[in-house]
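Chemist: I have a structure here, written as structure tokens, and I will follow up with some questions on it.
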Amino acid sequence: MCGIVGYVGFRNATPLIIDGLQRLEYRGYDSAGIAIIQDDAIRLSRDVGKLGNLRARLERQPLAGCIGIGHTRWATHGVPAEHNAHPHISMDGEFVVVHNGIVENYLELREELSAEGVVFQSETDTEVIVHLVAHFAHDGAHGDVTEATRMAVQQLRGAHAIGIMSSRQPDRLVAVRTGNAGGVALGIGDGESFVASDIPAILEQTRQMVFLESRQMATVFADHHVVQTLDGESLSPQIHQIAWDPVSAAKGEFKHFMQKEIFDQARSLTDSIRGRIDFEREEVLLPELNLTAEQAHSLQRLVTVACGTSYYSGLVGKFYIEHMARLNVEVDYGSEYRYRDPIIDANTAVLAITQSGETVDTLAAMEEARDKHATLWSIVNAIGSQAMRVADGYITMNAGPEIGVASTKAFTSSIADQYLLALRLGQLRGTLGSEQRRQYVRDLERLPDLVGRTLETFDAVDQLASYFYQYSNFLFLGRGINYPIALEGALKLKEISYIHAEGYPAGEMKHGPIALIDEQMPVLAIALRDAVYDKMISQIEQAKARGGIVIALATEGDTLMATKADHVLYVPETPPLLSPIIAVIPLQMLAYAIAVRRGADVDQPRNLAKSVTVE
Ligand code: AGP
């Protein structure tokens, strides 16, 4: 949700940056700030709340200069406050930084820098970046902002989009992208250049753009830019001509919205997590849920109602809530719930999961629960939707607009929301020890980076799609917490490529579906290194013994799998509870790549609508 806009050229940077930030307002933020080099020195202006507050401040104390960077911030580490708003400035006043993402190791870095005498002005994770840049500028980089930034970024864990400016070199901005904490676009104008986290911020100014990939950085001057890898290798990236029409513009560098949304997931998950965790105390905060400790204790049951992909998300959430909060969870289809006279009482909470917040079956299930006096919660993506309005409490997914009919980023964000809900319930019910809770919070912090690494497997997935796109049937197998991912993988393939696919709990194979296996029915087995790994190996062997073709989704470093399956896709090792979020990504990409090869209408598959508002 954070936004970055930078400018270097011949015009006054202030109005251009503020205008760009305004265009990113839809992403949501709680404070904003700008830094301009004026009279050879960096000047800052920052304020909480809407951009109007920053504008008013700039009217009272104007800033003018031909280079600057600005930011809209959605708080993660440190409350929304002027001193926590970006840009952050170094102690010598010579460097400023704006940043999207989470510095996972900021506590260690903060301690090291404090020991060197750095006095921090904010509670943010971001501030360590600017002090590191200043440190390396004085020690090793000979004052060069690009080199100092490169050295600083090597110290950071996590996924980041970063903008840096230095009063020592007032002719350039430095931009960095590592992982997928949102994009970095360079806008090429006539004698002027722009940097932005999102295309719409600068589209009014230029249509020529360059996009940084992960582990790339750019030094941006008014009339040219230099792009390199973080290892210093020079690159000549393609210049994209962006169309004016807002729909194509929103798609940016991607062919389809679905592809964009798949690749948006490190960013969207960061936004789902941000603001919900007190990283100092490693506690979860979900104020909009309106959940008291007393109510958490008195709950005896939670019923999740949802449809389609959101239903599968609920199946994953069941594992979280039962495990962390020791609360019995049932998951029901919204479309079935009210037709079976469900047992609900005042000690039952009903949780509706819905991306659109307008799915009529889910809303009807909520009504049923309301009539029977259950506590009603929702997890929604569409802000202000019906499911959010009628609930007693809610958690927003913060995934941003999902336009592709096939749900991708809302799925992973709604799983992350349930992980937070389970932590909160476990915290209040006293079922989670503090050390365990801290560990689960730390695991969550690593998630965006793991997602970024998983997205890097796209080429391997696409190659697999080239072997399999002409098949007519597919079987997806999973077990335990990844059984719902087998269901979701099959649904994705069905809905956008029109290939018949079934998801099955692997242990049930021998009770019937194994009869289907032959060389015409590829089997995709989710076989990560976890508690059911050995069982999955045995399922793979059974499928192979019957002439099946097996594609395994395995954990990086699992060399045994290559000897068992015909094809292996590797994902990074992930804490088991978070593995569904990682495992689903290659399956989303596979469905997408197969559908593209079949020439299907990926974003608007036949017979389907994004919001199902009829029964
Ligand atoms: C997912 O790819 C589907 N398009 C569909 O199953 C969807 O998840 C379902 O209709 C529920 O929608 P909702 O989350 O907006 O309620």
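Chemist: I'm trying to understand the selection: among the residues of the stretch 5-34, which are in a strand (DSSP E or B) and either of a type in the set (Asp, Glu) or closer than 18 Å to PHE221 by Cβ (or both)?
Modeler: Within the stretch 5-34, VAL5, GLY6, TYR7, VAL8 qualify.
Chemist: Answer yes or no: is there a residue in the stretch 131-143 that is out of contact with any Asp or Glu (no Cβ under 8 Å at 6 or more places or on another chain), more than 26 Å from ALA185 (Cβ to Cβ), at pLDDT 95 or above and in a helix (DSSP H, G or I).
Modeler: yes
Chemist: Within the stretch 353-371, is even one residue in contact with a Gly (Cβ under 9 Å, 6 or more places away or on another chain), more than 11 Å from the ligand (Cβ to nearest atom), not aromatic (Phe, Trp, Tyr) and not in a helix (DSSP H, G or I)?
Modeler: No: zero hits.
Chemist: Give the residues of the stretch 478-497 that are within 13 Å of MET589 (Cβ to Cβ) and of a type in the set (A, V, I, L, M), sorted by residue number.
Modeler: Across the stretch 478-497, the qualifying residues are LEU493, ILE496.
Chemist: Determine, yes or no, whether GLY452 is within 13 Å of the ligand (Cβ to nearest atom), over 30 Å from ASN328 (Cα atoms) and out of contact with any Leu (no Cβ under 8 Å at 6 or more places or on another chain).
Modeler: no
Chemist: Would you point out which residue out of ALA387, ALA391, ALA349 is over 21 Å from the mean Cα position of the chain (by Cα), within 10 Å of the ligand (Cβ to nearest atom), without any contact (Cβ under 8 Å) to a residue 60 or more places away in the chain and under 24 Å from ILE273 (Cα atoms)?
Modeler: Of the residues listed, the single one that is over 21 Å from the mean Cα position of the chain (by Cα), within 10 Å of the ligand (Cβ to nearest atom), without any contact (Cβ under 8 Å) to a residue 60 or more places away in the chain and under 24 Å from ILE273 (Cα atoms) is ALA387.
Chemist: Among the residues of the stretch 405-443, count how many are of a type in the set (Asp, Glu) and surrounded by 19 or more Cβ atoms within 10 Å (Cβ to Cβ).
Modeler: Residues that pass the stated criteria total 1.
Chemist: Same structure, new question: Out of curiosity, is ASN381 more than 16 Å from the ligand (Cβ to nearest atom) and modelled with pLDDT of 90 or more?
Modeler: No.
Chemist: Counting just the residues of the stretch 144-186 that are without any contact (Cβ under 8 Å) to a residue 60 or more places away in the chain and assigned to a loop (DSSP other than H, G, I, E, B), which one comes out surrounded by the fewest Cβ atoms within 10 Å (Cβ to Cβ)?
Modeler: GLN155
Chemist: Ok, one more. Do we find that ARG424 is of a type outside the set (Val, Ile, Thr), away from the ligand (no atom under 12 Å from the Cβ) and assigned to a loop (DSSP other than H, G, I, E, B) in this structure?
Modeler: When the stated conditions are applied, ARG424 does not pass them.
Chemist: In the stretch 563-582, which residue that is of a type in the set (A, V, I, L, M, F, W, C) and farther than 19 Å from GLU456 by Cβ is surrounded by the most Cβ atoms within 10 Å (Cβ to Cβ)?
Modeler: ALA565
Chemist: I've got another one for you. For the stretch 187-225, what are the residues that are part of a strand (DSSP E or B) and touching a residue at least 60 places away in the same chain (Cβ under 8 Å)?
Modeler: Listed by number, the residues that qualify are SER193, PHE194, VAL195, ALA196, MET217, THR219, VAL220.
Chemist: Next up: Taking HIS224, is it crowded, with 20+ Cβ neighbours inside 10 Å and modelled with pLDDT of 85 or more?
Modeler: Taking the combined requirement at face value, the residue does not satisfy it.
Chemist: What is the one condition in (1) of a type in the set (A, V, I, L, M, F, W, C); (2) assigned to a helix (DSSP H, G or I); (3) closer than 17 Å to LEU553 by Cα that ALA531 does not satisfy?
Modeler: (2)
Chemist: Would you mind stating whether SER407 is at pLDDT 95 or above, within 15 Å of the ligand (Cβ to nearest atom), in a loop (DSSP other than H, G, I, E, B) and touching a helix residue (DSSP H, G or I) at 6+ places or on another chain (Cβ under 7 Å)?
Modeler: Judged against the criteria, SER407 is a match.
Chemist: Among (1) within 25 Å of the chain's Cα centre (by Cα); (2) assigned to a helix (DSSP H, G or I); (3) farther than 25 Å from GLY179 by Cβ; (4) not basic (Lys, Arg), where does LEU578 come up short?
Modeler: In the conditions (1) within 25 Å of the chain's Cα centre (by Cα); (2) assigned to a helix (DSSP H, G or I); (3) farther than 25 Å from GLY179 by Cβ; (4) not basic (Lys, Arg), LEU578 misses (3) alone.
Chemist: A further question follows. With the structure loaded, tell me whether GLU108 is outside any loop (DSSP other than H, G, I, E, B), at pLDDT below 95, acidic (Asp, Glu) and within 28 Å of the chain's Cα centre (by Cα) or whether it fails that test.
Modeler: yes
Chemist: Any idea which of (1) within 14 Å of GLN216 (Cβ to Cβ); (2) more than 22 Å from the chain's Cα centre (by Cα) is the one VAL176 doesn't satisfy?
Modeler: Tallying (1) within 14 Å of GLN216 (Cβ to Cβ); (2) more than 22 Å from the chain's Cα centre (by Cα), VAL176 fails exactly one: (2).
Chemist: Among the residues of the stretch 248-264, is any within 16 Å of the ligand (Cβ to nearest atom), within 30 Å of GLY334 (Cβ to Cβ), touching a helix residue (DSSP H, G or I) at 6+ places or on another chain (Cβ under 6 Å) and among the aliphatic types (A, V, I, L, M)?
Modeler: Within the stretch 248-264, one or more residues are within 16 Å of the ligand (Cβ to nearest atom), within 30 Å of GLY334 (Cβ to Cβ), touching a helix residue (DSSP H, G or I) at 6+ places or on another chain (Cβ under 6 Å) and among the aliphatic types (A, V, I, L, M).
Chemist: Also: Which of the residues belonging to the stretch 511-539 are charged (D, E, K, R) and touching a helix residue (DSSP H, G or I) at 6+ places or on another chain (Cβ under 6 Å)?
Modeler: ASP530 - this is the single residue of the stretch 511-539 that is charged (D, E, K, R) and touching a helix residue (DSSP H, G or I) at 6+ places or on another chain (Cβ under 6 Å).
Chemist: Give me a count of the residues in the stretch 251-268 that are more than 15 Å from the chain's Cα centre (by Cα) and outside any helix (DSSP H, G or I).
Modeler: 5
Chemist: Let me ask something else about it. Pick from the stretch 591-615 the residues that are charged (D, E, K, R) and either modelled with pLDDT under 75 or part of a loop (DSSP other than H, G, I, E, B) (or both): which of them is farthest from MET258 (Cα to Cα)?
Modeler: GLU615
Chemist: Scanning the stretch 512-528 for residues that are assigned to a helix (DSSP H, G or I) and surrounded by 13 or more Cβ atoms within 10 Å (Cβ to Cβ), which turns out modelled with the highest pLDDT?
Modeler: For the stretch 512-528, the residue satisfying everything is LEU516.
Chemist: For ILE585, work out the one condition from (1) in contact with a Leu (Cβ under 7 Å, 6 or more places away or on another chain); (2) β-branched (Val, Ile, Thr); (3) away from the ligand (no atom under 16 Å from the Cβ) it doesn't fulfil.
Modeler: (3)
Chemist: Can you name the residue in the stretch 298-336 that is within 13 Å of the ligand (Cβ to nearest atom) and at pLDDT below 95 and is also farthest from TYR419 (Cα to Cα) among such residues?
Modeler: Taking the candidates together, the pick is SER335.
The values are calculated or read from the model by the stated rules, or taken from the named source; none is laboratory data. Please read these numbers as outputs of a predicted model, since none were measured by experiment. Cβ atoms come from the backbone with ideal geometry, glycine included; neighbour counts cover every protein chain shown.
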